[in-house]
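One structure is given here, and the rest of the page talks about it.
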Amino acid sequence: MTVQRTGSSTGTSTGSSTRRGFIGGAAAVAATAALTGTARAASDPRKPDSRKPGPRKSGRRSSGARTVVVLGGGVAGLTAAHELAERGFEVTVYERKGALGGKARSMDVPGSARGGRRPLPGEHGFRFIPGIYHNLPDTLRRIPFAGNAHGVHDNLVAPSEALFARTGLEDLRFPFAGWSSRPAPLTPDEFRRALMAFLETFARLPAHEIAHFAGRMLVWFTSCDRRRVGDWERTPWWEFTRAARMSPAYQRLLCIGITRNIVATKAEVASTRTVATMLEAFVFNALGLGADGPPDRLLNGPTNEAWIDPWAARLRSLGVEFRTGWAARDLRLEGGRITGAVLEGPGGARHTAEADHFVSAMPVEHARTTWNAAVRAADPQLARCDRLQTDWMTGIQFYLTEPTPIVHGHINHIDSAWSITSVSQAQFWPGHDFRRDFGDGTVADCLSCDVSEWDKPGILYGKTAKQCTREEVAREVWAQLKASLNDTGRTVLRDSVLHSWFLDPAVELGGSRATNDEQLLIHPVGTWANRPTARTAVPNLFLAGDYVVTDIDLATMEGANASARAAVNALLDEAGSGAERCTITPLHRAPALEAAKRRDETRWRLGLRNAYDVG
């Protein structure tokens with residue numbers, strides 16, 4: 001695919017009506033401010049595996065080491081390979097794409113380099129690594145990076161604020177107070193606009209609706225685990241928040257905007273358990289409870305440069321072998337064990353990879369195509385994975401000829417028809433000068449966007465994203481960005497600075513049927529029961545991926561990392577290994593709320609509602 005150039009004819013719009021990246025931590029903090037005095041300490045009675053990781057072994061393989069085939073070279077597969085190689089296993093990773101990193105990778109924009117510069121940086125979607133993550137940051141600290149005392153982890157940059165861009169209203173800025181990063185000082189005009197934004201937004205939310213939402217969150221915070229799984233997993237977020245009774249502003253801010261950008265799922269069907277779990281985690285993060293770092297972090301350069309390439313180099317130094325361009329097609333089951341993985345490579349070549357153990361670390365929509373009838377019969381939980389659902393959450397980058405920081409953090413275009421989130425990247429890449437390093441020498445910034453809604457009409461063509469051509473998608477997203485940012489007297493985005501755009505090549509549009517080769521697991525009500533565990537009933541087959549049961553209950557890089565650690569622990573148990581097990585750190589639980597949860601468990605057993613569930 002070649003870089004797409006766009007001139008001033010992209011069109012404008014005055015109408016009004018996400019990537020798992022920006023999950024809306026600022027929204028959680030603002031919407032649940034009434035609860036900020038309820039929790040102050042860090043502890044989790046669901047004991048994580050606190051045993052220390054095994055020795056960090058380097059070097060080449062030993063002839064007697066046990067062998068493992070890892071199917072999939074995304075975050076889950078690379079994590080599994082990392083943990084296994086450090087424990088002396090011989091690991092071969094097969095990845096169907098021509099590059100490692102899965103949906104987390106960055107990629108070169110074809111045909112965009114000039115004058116000895118690097119190609120423009122593209123990606124499936126922007127990075128977002130909040131402080132609620134613990135397992136992924138631990139892995140980042142263990143990946144060496146030249147000049148960094150804490151490896152790749154030192155490449156994380158903390159934005160100082162987030163922005164909720166409102167259409168027809170002043171935009172809401174949320175500073176991340178209490179962390180090392182501080183927002184830039186406000187000018188008098190910015191202060192005026194910030195105050196107007198707050199008043200305009202919350203004046204449209206009646207006081208009783210704000211109190212109501214805080215009350216609903218209090219119900220969640222004090223609900224026992226049994227109620228969370230038994231009741232709230234089966235309750236749509238729309239119903240839990242009683243959105244149908246509330247104002248359009250309440251519905252847009254606290255119901256529709258949150259769910260579509262958090263879980264790419266409609267509020268009417270999104271599991272309350274999933275949505276509220278993440279809101280709770282972000283509230284604790286904002287309070288500094290059980291957090292690895294600030295509520296929002298991203299990388300200080302293109303993902304492959306800052307993370308994936310150093311990771312692959314580290315794994316190669318541990319003896320891991322990578323074979324890209326090989327797609328898993330089938331698993332051979334003989335005598336109750338997997339004896340080989342059938343792979344298809346370049347030119348249709350076939351290869352059967354044999355090993356002692358197999359870790360399936362592909363996204364669920366691809367993993368389940370490799371489970372034949374015999375494998376499914378051996379473990380019923382695999383068949384249940386057919387009920388898991390995926391949707392589109394896909395990135396598009398706009399390259400601009402002028403620096404356009406907009407805000408020092410992520411932006412949630414909360415009123416956009418296609419549920420867009422974005423971030424201006426150049427401000428966070430201090431080691432790069434865009435004009436010097438990338439493209440043709442005229443590009444100064446990259447506005448990286450994620451589109452979470454592909455099935456609703458846009459404002460420019462009146463078509464859904466799936467009905468558009470790639471060019472129409474680009475023009476439509478640009479128009480929605482302008483409608484979101486240029487609507488209150490300032491021109492933030494101008495057609496004249498738009499150099500070109502790049503849409504994720506996994507998306508195929510313009511034909512009779514739109515397809516997306518890299519979709520996202522979504523979380524409708526009742527789907528938790530269909531999530532598999534890392535250990536399967538086939539003794540030498542293990543599952544890793546963000547669809548596998550983890551504490552975070554969300555399709556994220558953290559979930560992929562934690563599930564891979566669980567798969568490795570199960571493999572070590574099966575192999576009778578004496579190596580230390582992987583540490584798996586769960587989400588924070590507030591000790592101050594445990595007494596209320598115990599009381600609620602008694603009420604739940606008696607068939608009673610939560611004590612705060614009134615009205």
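The values are calculated or read from the model by the stated rules, or taken from the named source; none is laboratory data. Keep in mind that this is a model prediction, so the values were computed, not measured. Don't worry about glycine lacking a Cβ; one is built from the backbone with ideal geometry, like all the others, and counts go over all protein chains shown. Surface accessibility is based on the protein's heavy atoms, side chains included, excluding ligands, DNA and RNA. Shrake-Rupley method; radii C 1.70, N 1.55, O 1.52, S 1.80 Å.
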Among residues of the range 413-425 being of a type in the set (A, V, I, L, M, F, W, C) and assigned to a loop (DSSP other than H, G, I, E, B), the residue farthest from the chain's Cα centre (by Cα) is A417
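Those residues that are outside any loop (DSSP other than H, G, I, E, B) and either open to solvent by 10 Å² or more (accessible area, probe 1.4 Å) or under 19 Å from I256 (Cα atoms) (or both), I need them from the range 450-476; list them, please.
Scanning the range 450-476 gives D450, V451, A465, K466, Q467, R470, E471, E472, R475.
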Which of the following residues is modelled with pLDDT of 95 or more, surrounded by 21 or more Cβ atoms within 10 Å (Cβ to Cβ) and either more than 24 Å from T274 (Cβ to Cβ) or basic (K, R) (or both): R581, R609?
R581
If you go through the range 108-123 one residue at a time, how many are buried (at least 22 other Cβ atoms within 10 Å of the Cβ) and not in a loop (DSSP other than H, G, I, E, B)?
3
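Out of the residues in the range 199-223 meeting the condition of being of a type in the set (D, E, K, R) and closer than 23 Å to E170 by Cα, tell me which one is modelled with the lowest pLDDT. So that I can check it myself, show each step before the final result.
Restricting attention to the range 199-223, the residues satisfying the condition of being of a type in the set (D, E, K, R) are 200, 204, 209, 216.
Of the ones still in play, those that are also closer than 23 Å to E170 by Cα are 200, 204, 209.
On the way: E200: 57, R204: 71, E209: 89.
The residue in question is E200.
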Report, by residue number, each residue of the range 201-218 that is of a type in the set (A, V, I, L, M) and not in a helix (DSSP H, G or I).
L205
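Results for (1) under 12 Å from L481 (Cβ atoms); (2) modelled with pLDDT of 95 or more; (3) basic (K, R); (4) not in a loop (DSSP other than H, G, I, E, B), shown as yes or no for each residue.
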site: A383; (1), (2), (3), (4): no, yes, no, yes
site: I396; (1), (2), (3), (4): yes, yes, no, yes
site: Y399; (1), (2), (3), (4): no, yes, no, yes
site: E402; (1), (2), (3), (4): no, yes, no, no
site: P405; (1), (2), (3), (4): no, no, no, no
site: H408; (1), (2), (3), (4): no, no, no, no
site: I411; (1), (2), (3), (4): yes, no, no, yes
site: Q427; (1), (2), (3), (4): no, yes, no, yes
site: P430; (1), (2), (3), (4): no, yes, no, no
Some residue of the range 591-610 being farther than 30 Å from R142 by Cα, polar (S, T, N, Q) and assigned to a loop (DSSP other than H, G, I, E, B):
yes
Working only within the range 351-405, note down all residues that are within 24 Å of the chain's Cα centre (by Cα) and among the aromatic types (F, W, Y).
W392, F398, Y399
Within the range 269-289, restricting to residues that are open to solvent by 10 Å² or more (accessible area, probe 1.4 Å) and at pLDDT below 90, the one that is nearest to the chain's Cα centre (by Cα) is A286
Keeping to the range 327-373, report how many residues are buried (at least 18 other Cβ atoms within 10 Å of the Cβ), part of a strand (DSSP E or B) and hydroxyl-bearing (S, T, Y).
1
From the residues in the range 514-560 that are of a type in the set (D, E, K, R) and part of a loop (DSSP other than H, G, I, E, B), which one is surrounded by the most Cβ atoms within 10 Å (Cβ to Cβ)?
D546
From the set of residues in the range 104-128 that are of a type in the set (D, E, K, R) and touching a helix residue (DSSP H, G or I) at 6+ places or on another chain (Cβ under 8 Å), which is nearest to A264 (Cα to Cα)?
R127
What number of residues within the range 219-243 are open to solvent by 20 Å² or more (accessible area, probe 1.4 Å), assigned to a helix (DSSP H, G or I) and closer than 23 Å to F164 by Cβ?
1
Test: residue in the range 479-495 that is more than 30 Å from R173 (Cα to Cα) and either touching a Gly at 6+ places or on another chain (Cβ under 8 Å) or not hydroxyl-bearing (S, T, Y) (or both)
no
